[in-house]
Structure formats: structure tokens, C-alpha cells
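Everything below concerns the one structure shown next.
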Amino acid sequence: MGLFGNKAEKPGEQREFYMGIEDCFHLQDSTDMLVVGRVRGTIKPGDAVYIHNWTDNSNPITMTTVRALEIDHKPVNEATDKAVAVVLENVAESGLIIGCVLATKNISASDVHTAYVNAIGNAYVGRRKLDLADDVLKNMSITDLAEAWRLYNYAIQKGGMGINDDAKTQGEKINRLAGVMIDKILGLSEMHVVFSEKTGEPYLFSNTIDNGDKTYKCTPPEVLIVTDPYLPVYKENYSKDGFEIRTIENDENKKGIYNFLGEAFYLDGACGVRINGQEVGIMADKLVPPPSYEGLAEINIPVTNPDVMRWILLIGEMGKPETKDEELIYRLYYSFFLEELIKTKFLIPMKKDKDCPEPDENGKTVITKDTKIAVPTLPGKGDRPAVRMYTDWRMLHKEFDEEWSGIIMSIGDMIKAMDCAINITDHPAAGCYVDETMYNDAMERASR
């Protein structure tokens, strides 16, 4: 017989079981609680069990005792591989919630995770069809919300769990879930994000899709957020191949995560976030609205180039393509990059030896004839020098202090005289080098 068979229990033999909690109830005038779920293995009154709060690593694993069992509202002496109600001893103050897992000592982390996912699916999707009350949503963690969202979508695709919602109802339920998740993300004390070691920026995850007519498209690139319970798994899987996971701290005003996401979206070009995988995602403008520069003179509008930075980072993350699929993806990214390159105005670091007059109403400044201006260059390809240019002020100030200001210019303004080295920092993959050949290629493509 297997692990969960009904063989007779020998003296000293360790019996194993686990159960995800699908509902829980406080008992009147008691510190005990009644929990409901489907047990795997055999559970009996008197068993010592560990409670895993898988959705929140800040709660330690606790231990309790099974006081009684019920099946169909009738007391039983044991339950094997079936739905069961379990009375747990003295757990009213333990923070027991849907998704917690009861297990014996030696149950694997994989089995605990499976029990958690099944409990979330059965409780929120199977029974409630994702039609959740406000207080239920409030008590769900980000991990719970993401799992319920993923399982609801899966049930719709597979026609399971009795889900018959039309498209409008599906959208309303998902949007409601997303709204709660947004508030919880922005209110976190800290957030874990996958970064690229090559670029030093949040890794942009995108999929390339074959349209079937010899054309391809990229899904909008997204930043990956990892919640606490999944952190050990992602740290193990993303500890190589150029990934790292960084923790973004929120500040006392709850603006740290908001500002980080704003930079990822409106400087780096991310189009949204993924939570614990690619099945659950939130668009950028739902988390952080795009900046508004209405009423500002052009000279006062910060230089930002998310549309070109997006492709620089995706190309930098890839490195040199080694397979036919990678070559295809690289060419796709490169074509989008060239398309944006000729439309982009960059910052050239500039230091002057005297103050310049204030700009006029059109943002123009006349520099006196004897003013000396320094711009940084470096040896380029062949005999040509290259001027250093940056996509935004944040990238510029990674290399140049506040004494440096900037000149706003396009590649076309400089390429006849010098090549252009974009975003030269400690992470070369976050930048690129543009010579006349590349620029002319971009112009030729644009004219087709």
C-alpha cells in the first residue's frame, strides 16, 4: 500500500497526512476552532498537527492537537482522503485563515504548497465563483489574491469548477480583485522584484508570439513581483543566469514602492507587473498613473525615453543570441529599437564655466560667446570620437554629479560629427553604441 493506504498502524509508526483549510469557524465560548477541508492521508482525534500559514512567512509554524472530527455533521474516529471538519484545540488566537495547511511533521514543502493551492481554489473559486465579499477580500494576502485570480482564469479556460460567467462578469470580478491587490502592493512594507544583473534594472519579462503569418509580436514587458511565500523558490531558480532578487523598501509615507514602480514604468519602459508568474498581471497605469506635464513649458519637462529604453533593456538582458529562436527575438527587439531611436531626444552631460541667462518663454537660452562648455566624449570606433548621451536624468546622474547639467539633442543632431554612446554606466548592457551605419539603417527602415 502507498503512503495514504489504510494498512494497520504499527506501534511507533509515523502516520502522515495534510489538509488545506477551506473554511474556518470560531466556536462559541471556546478557544477551539472548527476548520473544513479535504485531508490527504488519515487523520484521527488526538493527532498532533502543525499549522503552516503558507500565505504569510511572518507567522511562524504553530502546533496544536485534533480534538474531534466530523463528516456530514456526524462525529467520526478517523477520516482518510475525504472532506472532513476538524476541531482544533486552542487556536482561536493563532491567525488561522483559509489557505492555512494542517500537516504532520514530515510532510514536504511541495505537499504543503499543493494543499494551499487546492484550498484557495476550492474555497474562493469552486464554492464562491470568485464572488467575494469586501471583508473576505480584505483578509486575503496578495499571494491568495494572485492564486485565486490564476485558478479562476484556469477554470474558465478549461470549463471547470462550474464557472459559467460571461465576459463582462469575468472582467468585473478580475478588476475587483486587481483593485484590492493594487492597494495591498502599494501598502507593503517591502516588495521583492527580479532584477537583471546585466542591466542593473528590473528584469523585463516578455513573450514572443508567432502570429502564424511569418510575423511576430511581443507581449508588453512586465516587472516580476515575488511575494514572501514564493521567495525561497524564486531565489533558488533565479540565483543564476543573470537574475537577482532585490527587496524594495517602502517609506513611512508609503511612497517608496510607488516611486520605484513609477521609474520602472515611465523610465525603463515596463508596461505593468506580474505577480508570482505570468498568469496574473496589472497594467502600469492602474498602479501608477503616467506623469502629467500639462501647462509646463517644454524646457521644464523632464527628459524620459521609456519607449527606447524598453528595447535597450530587453536586448541587454538577452546578450548575444545563440539559438535560432533567440536570433529571431533579437531581430524583433532590434527592429523596435531602431524605430524608436530616430524619434528620441537624449541628454548630453554638460558643464559650463559660468551661469547662463534664464531661458525665454520658448525655453531658449543664448550663451555668451566666451562661455566654455565641456561635454564628455570617449574614443569611438575607428578614428571617430563618441559623445556620451543618456535616456533620462536618473541614468545621467549615475555617472555625473549635480554640477553637470544637460543638453537635449537627438542622434541625428550629432551623428555626422561623432558616434553616440548611450547610457555609459557600470552596466554596459543598459546602454548601446550608435554609429552612422546603425543610424542610417534606422532612417532607411523608417522611409519604407
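The values are calculated or read from the model by the stated rules, or taken from the named source; none is laboratory data. Keep in mind the model is a prediction, meaning the values are calculated, not measured. Methodologically, a virtual Cβ is constructed for each residue, glycine included, from the backbone with ideal geometry; neighbour enumeration extends over all protein chains shown.
Could you tell me how many of the residues in the range 260-296 are farther than 25 Å from Asn175 by Cβ and outside any loop (DSSP other than H, G, I, E, B)? Step through it out loud before you land on a result.
In the first step, residues of the range 260-296 are kept if they are farther than 25 Å from Asn175 by Cβ; the result is 263, 267-268, 293-296.
Imposing the further condition that a residue be outside any loop (DSSP other than H, G, I, E, B) reduces the set to 263.
Number of matching residues: 1.
Enumerate the pairs (first residue in the range 115-144 and surrounded by 15 or more Cβ atoms within 10 Å (Cβ to Cβ); second residue anywhere and of a type in the set (Val, Ile, Thr) and assigned to a helix (DSSP H, G or I)) with beta-carbon separation below 7 Å, excluding pairs fewer than 6 apart on the same chain, so at least 6 apart or on different chains.
That search, which allows pairs on different chains as well, returns Leu137/Val180; Ile142/Ile185; Asp144/Ile120.
So in the range 98-116, with the set limited to residues that are more than 25 Å from the chain's Cα centre (by Cα) and among the aliphatic types (A, V, I, L, M), which one is farthest from Ala148 (Cα to Cα)?
Of everything passing the filter in the range 98-116, Ile107 is farthest from Ala148 (Cα to Cα).
What's the total number of residues in the range 145-191 that are small (Gly, Ala, Ser), under 19 Å from Ala123 (Cβ atoms) and surrounded by 17 or more Cβ atoms within 10 Å (Cβ to Cβ)? Show your work before the answer.
Quick first cut of the range 145-191, residues small (Gly, Ala, Ser) only: 146, 148, 155, 159-160, 162, 167, 171, 178-179, 187, 189.
Next, only the ones that are under 19 Å from Ala123 (Cβ atoms) stay: 146, 148, 155, 160, 162.
Right, trim to surrounded by 17 or more Cβ atoms within 10 Å (Cβ to Cβ) and you get 146, 148, 155.
Count: 3.
May I ask you to say which residue of Pro306, Pro289, Pro302 is in contact (Cβ under 8 Å) with a residue 24 or more places away in the chain, exposed (fewer than 14 other Cβ atoms within 10 Å of the Cβ) and not acidic (Asp, Glu)? Walk me through how you get there before you give the answer.
Values: Pro306 fails: exposed (fewer than 14 other Cβ atoms within 10 Å of the Cβ); Pro289 fails: in contact (Cβ under 8 Å) with a residue 24 or more places away in the chain.
None of the other options fit; the residue is Pro302.
Being assigned to a helix (DSSP H, G or I) and within 20 Å of the chain's Cα centre (by Cα) is the filter here; which residues of the range 117-147 pass it?
Going residue by residue through the range 117-147, those that are assigned to a helix (DSSP H, G or I) are 117-127, 134-139, 142-147.
Across the range 117-147, the qualifying residues are Val117, Ile142, Thr143, Asp144, Leu145, Ala146, Glu147.
Keeping to the range 223-252, report how many residues are in contact (Cβ under 8 Å) with a residue 40 or more places away in the chain and not aromatic (Phe, Trp, Tyr). I'd like the intermediate steps shown before the answer.
First, the residues of the range 223-252 that are in contact (Cβ under 8 Å) with a residue 40 or more places away in the chain: 223-231, 234, 238, 242-250.
Then drop every residue that is not not aromatic (Phe, Trp, Tyr), which leaves 223-229, 231, 242, 244-250.
Here the count works out to 16.
Can you confirm whether the range 214-233 contains a residue that is in a loop (DSSP other than H, G, I, E, B), within 12 Å of the chain's Cα centre (by Cα) and among the hydrophobic types (A, V, I, L, M, F, W, C)?
Quick first cut of the range 214-233, residues in a loop (DSSP other than H, G, I, E, B) only: 214-215, 219-221, 227.
Keeping just the survivors that are within 12 Å of the chain's Cα centre (by Cα) gives 221, 227.
This time we only want the ones that are among the hydrophobic types (A, V, I, L, M, F, W, C), so: none.
Checking the range 214-233: not a single residue is in a loop (DSSP other than H, G, I, E, B), within 12 Å of the chain's Cα centre (by Cα) and among the hydrophobic types (A, V, I, L, M, F, W, C).
Do we find a residue being in contact (Cβ under 8 Å) with a residue 60 or more places away in the chain and closer than 23 Å to Gly126 by Cβ anywhere in the range 64-83? Give the derivation first.
Within the range 64-83, the subset in contact (Cβ under 8 Å) with a residue 60 or more places away in the chain is 80-81.
Okay, now just the ones that are also closer than 23 Å to Gly126 by Cβ, so 80-81.
Yes, there is a match, as at least one residue in the range 64-83 is in contact (Cβ under 8 Å) with a residue 60 or more places away in the chain and closer than 23 Å to Gly126 by Cβ.
Mind listing whichever residues of the range 306-332 are under 14 Å from Ala430 (Cα atoms) and aromatic (Phe, Trp, Tyr)?
Trp311
Would you confirm whether or not the range 1-12 contains a residue that is modelled with pLDDT under 95, of a type in the set (A, V, I, L, M, F, W, C) and within 39 Å of the chain's Cα centre (by Cα)? Write out each step before concluding.
Applying the first criterion (modelled with pLDDT under 95) to the range 1-12 yields 1-12.
With the extra rule that they be of a type in the set (A, V, I, L, M, F, W, C), the set shrinks to 1, 3-4, 8.
Among the residues that remain, those that are also within 39 Å of the chain's Cα centre (by Cα) are: 3-4.
Scanning the range 1-12, I find at least one residue that is modelled with pLDDT under 95, of a type in the set (A, V, I, L, M, F, W, C) and within 39 Å of the chain's Cα centre (by Cα), so the answer is yes.
Restricting to the range 384-405, and then to whatever is surrounded by fewer than 20 Cβ atoms within 10 Å (Cβ to Cβ) and touching a helix residue (DSSP H, G or I) at 6+ places or on another chain (Cβ under 8 Å), can you tell me which residue is modelled with the lowest pLDDT? Explain how you work it out, then say what you get.
Step one: list which residues in the range 384-405 are surrounded by fewer than 20 Cβ atoms within 10 Å (Cβ to Cβ), which gives 384-385, 393-394, 397-405.
Subsequent filtering for residues that are touching a helix residue (DSSP H, G or I) at 6+ places or on another chain (Cβ under 8 Å) retains 394, 404.
Values: Arg394: 96, Trp404: 90.
Here the answer is Trp404.
Within the range 87-98, can one find any residue that is touching a helix residue (DSSP H, G or I) at 6+ places or on another chain (Cβ under 6 Å), under 15 Å from Val49 (Cβ atoms), at pLDDT 95 or above and not polar (S, T, N, Q)? Steps first, please.
First pass over the range 87-98, keeping only residues touching a helix residue (DSSP H, G or I) at 6+ places or on another chain (Cβ under 6 Å): 98.
Going one step further and asking which of them are under 15 Å from Val49 (Cβ atoms), we end up with none.
No, every residue in the range 87-98 fails to be touching a helix residue (DSSP H, G or I) at 6+ places or on another chain (Cβ under 6 Å), under 15 Å from Val49 (Cβ atoms), at pLDDT 95 or above and not polar (S, T, N, Q).
Which one of these does Ile299 not meet: (1) out of contact with any helix residue (DSSP H, G or I) (no Cβ under 7 Å at 6 or more places or on another chain); (2) assigned to a loop (DSSP other than H, G, I, E, B); (3) at pLDDT below 95?
With (1) out of contact with any helix residue (DSSP H, G or I) (no Cβ under 7 Å at 6 or more places or on another chain); (2) assigned to a loop (DSSP other than H, G, I, E, B); (3) at pLDDT below 95 applied to Ile299, the lone miss is (2).
Only one of these conditions is not met by Arg150: (1) assigned to a helix (DSSP H, G or I); (2) touching a Leu at 6+ places or on another chain (Cβ under 9 Å). Which number is it?
So the condition that Arg150 fails would be (2).
All but one of (1) touching an Asp or Glu at 6+ places or on another chain (Cβ under 8 Å); (2) free of Cβ contacts under 8 Å to residues at least 12 places away in the same chain hold for Arg38; which doesn't?
Here Arg38 meets the rest and fails (2).
I'd like to check something: does the range 211-232 contain any residue that is among the small types (Gly, Ala, Ser) and in contact with a strand residue (DSSP E or B) (Cβ under 9 Å, 6 or more places away or on another chain)? First the steps, then the outcome.
Narrowing the range 211-232 to residues among the small types (Gly, Ala, Ser): 212.
From the residues that got through so far, the ones that are in contact with a strand residue (DSSP E or B) (Cβ under 9 Å, 6 or more places away or on another chain) too are none.
No - not one qualifying residue is present in the range 211-232.
Does Ile245 satisfy the condition of being of a type in the set (Val, Ile, Thr), under 30 Å from Leu332 (Cα atoms) and under 15 Å from the mean Cα position of the chain (by Cα)?
Values: of a type in the set (Val, Ile, Thr): yes; under 30 Å from Leu332 (Cα atoms): yes; under 15 Å from the mean Cα position of the chain (by Cα): yes.
Judged against the criteria, Ile245 is a match.
Among the residues of the range 34-50, write down those that are in a strand (DSSP E or B), surrounded by fewer than 22 Cβ atoms within 10 Å (Cβ to Cβ) and of a type outside the set (Lys, Arg).
Looking only at the range 34-50, we keep the residues that are in a strand (DSSP E or B), and these are 34-43, 48-50.
Restricting the remaining residues to those that are surrounded by fewer than 22 Cβ atoms within 10 Å (Cβ to Cβ) gives 34, 36, 38, 41-42, 48, 50.
The answer is Leu34, Val36, Gly41, Thr42, Ala48, Tyr50.
With the structure loaded, tell me whether Asn237 is touching a Phe, Trp or Tyr at 6+ places or on another chain (Cβ under 9 Å), surrounded by fewer than 23 Cβ atoms within 10 Å (Cβ to Cβ), at pLDDT below 90 and in the same structural domain as Ala264 (by TED's automatic domain parsing) or whether it fails that test.
On the way: touching a Phe, Trp or Tyr at 6+ places or on another chain (Cβ under 9 Å): yes; surrounded by fewer than 23 Cβ atoms within 10 Å (Cβ to Cβ): yes; at pLDDT below 90: yes; in the same structural domain as Ala264 (by TED's automatic domain parsing): yes.
Here the answer is yes, as Asn237 does meet what is asked.
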